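Okay, structure first, notes after.
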Amino acid sequence: MASCTNWAAHKLVHAWLLAALLVTLLTLSPSLSAPACGVLATVEHPVEAGRPLRLLVVGDWGRKGRYNQSRVAQQMGKVAEAMNNIDFVVSTGDNFLDDGLASVDDRAFHESFVDVYTAESLRKQWYLVLGNHDYRGDVLAQIDPALRSIDSRFFCMRSFVVKAGTVDFFFVDTTPFQLKYWTDPGEDHYDWREVAPREAYIEHLLETRRYNYLDTLGIRLNSGSATELTWKVAVGHHTMRSVSAHGDTQELLQLLLPVLKDNGVDLYINGHDHCLEHISSRDSPIQYLTSGAGSKAWRGIFQPNEDKLEFFYDGQGFMSLEVDAGLAHAVFYDIDGQALHNRSLSKSNRQHVDQAPSLVSQE
């Protein structure tokens, strides 16, 4: 096996996985572990003993409060308060629409994030992945730790791991997987710094399979730190399975899904489609949960796929997730805070159990 030094000398050292992570190590919080060669950076998020992990999930939101973003944010605050102290918020990407941030000084950071999610109950850590619209701006600005000096909640990197009690979250930067962004971007510009060339990356990914992204993820998923009852949740921007406008993402089905299946991932959570969805895999225990309805929605498109559709809502909203060692409870909410769909999932047998009541009573 080539040494880390030899690998670092390889022409792919500037590729998209570790470059952004390594650049930020010196300025990140002490809870971030520096990655060994070929291993993702890891955040240890403390969870109070004896209580489940509680979080909210929202995506495709950054529109300076417009398109009902502010209404969704208001209901997120109410639900977070009713859940009695959430641990953090997950963003599934497209954090600043339509064209990302122009710089670390871009007022859109305040107008779409700081000044919108103002509820005291939302003043928790936010873990964010990048979406394709984020890549249309200065992507290095959005992952710059300088933003955390403006608002300490904002934690955005390309790909990383968050360990929180009985749950390991694997945040995946899915935009570089999409071939059309490289070959047919139209009038859009994508900031591929520290990512290009994709061709070399894909060749390295499929042929050498040593230090590519998927094997890195596999190393982490198979690490000895995970117990049988540790939930494994992958978070990316792009849909794996979806019945809405974007539909399934073939590159992820071909390249990423086999790794998730092989390593016992329980949930894949994404945005990209501006809706709320729950889809069950027919050939594995994986559940696909879409929460990309943080602002503009109502696309009016429905296109079934091969897996089992459990729930679909074309409007705005968000999702809550509560997890302990045995059960995970997911609830989808609309902009009035009404629970539209809830489901409990069993970890011991990794299959559906009877539907549970809403995590938060609605009055």
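The values are calculated or read from the model by the stated rules, or taken from the named source; none is laboratory data. Keep in mind that this is a model prediction, so the values were computed, not measured. Virtual Cβ from ideal backbone geometry, glycine too; neighbours counted across all protein chains shown.
Select from the stretch 226-241 the residues that are of a type outside the set (Phe, Trp, Tyr) and either part of a strand (DSSP E or B) or more than 28 Å from residue 325 (Cα to Cα) (or both) and list them in ascending order.
Listed by number, the residues that qualify are 232, 233, 234, 235, 236.
Given the structure, is residue 217 modelled with pLDDT of 65 or more and touching a Gly at 6+ places or on another chain (Cβ under 9 Å)?
The answer is no for residue 217.
Say we look at the stretch 246-272 and pick out the residues that are in contact (Cβ under 8 Å) with a residue 40 or more places away in the chain and of a type in the set (D, E, K, R); which of these is surrounded by the fewest Cβ atoms within 10 Å (Cβ to Cβ)?
262
Which of the following residues is assigned to a helix (DSSP H, G or I), surrounded by 15 or more Cβ atoms within 10 Å (Cβ to Cβ), touching a Phe, Trp or Tyr at 6+ places or on another chain (Cβ under 6 Å) and at pLDDT 95 or above: 190, 181, 127?
Going through 190, 181, 127 in turn, the sole match is 181.
Using beta carbons and a limit of 6 Å, which pairs, at least six apart or on different chains, have the first residue in the stretch 279-290 and closer than 18 Å to residue 341 by Cβ and free of Cβ contacts under 8 Å to residues at least 60 places away in the same chain and the second one among the β-branched types (Val, Ile, Thr) and not in a loop (DSSP other than H, G, I, E, B)?
288/279
Where residues in the stretch 316-348 are in a loop (DSSP other than H, G, I, E, B) and of a type outside the set (Gly, Ala, Ser), which of them is surrounded by the most Cβ atoms within 10 Å (Cβ to Cβ)?
Result: 316.
Exactly one of these conditions fails for residue 289: (1) within 19 Å of the chain's Cα centre (by Cα); (2) at pLDDT below 95. Give me its number.
Failing condition for residue 289: (2).
Considering only residues that are in contact with a strand residue (DSSP E or B) (Cβ under 7 Å, 6 or more places away or on another chain) and in a loop (DSSP other than H, G, I, E, B), which ones fall in the stretch 303-315?
Hits for the stretch 303-315 are 307, 315.
Is it the case that some residue within the stretch 100-113 is farther than 21 Å from residue 233 by Cα, in contact with a helix residue (DSSP H, G or I) (Cβ under 7 Å, 6 or more places away or on another chain) and surrounded by fewer than 18 Cβ atoms within 10 Å (Cβ to Cβ)?
Yes, the conditions are met somewhere in the stretch 100-113.
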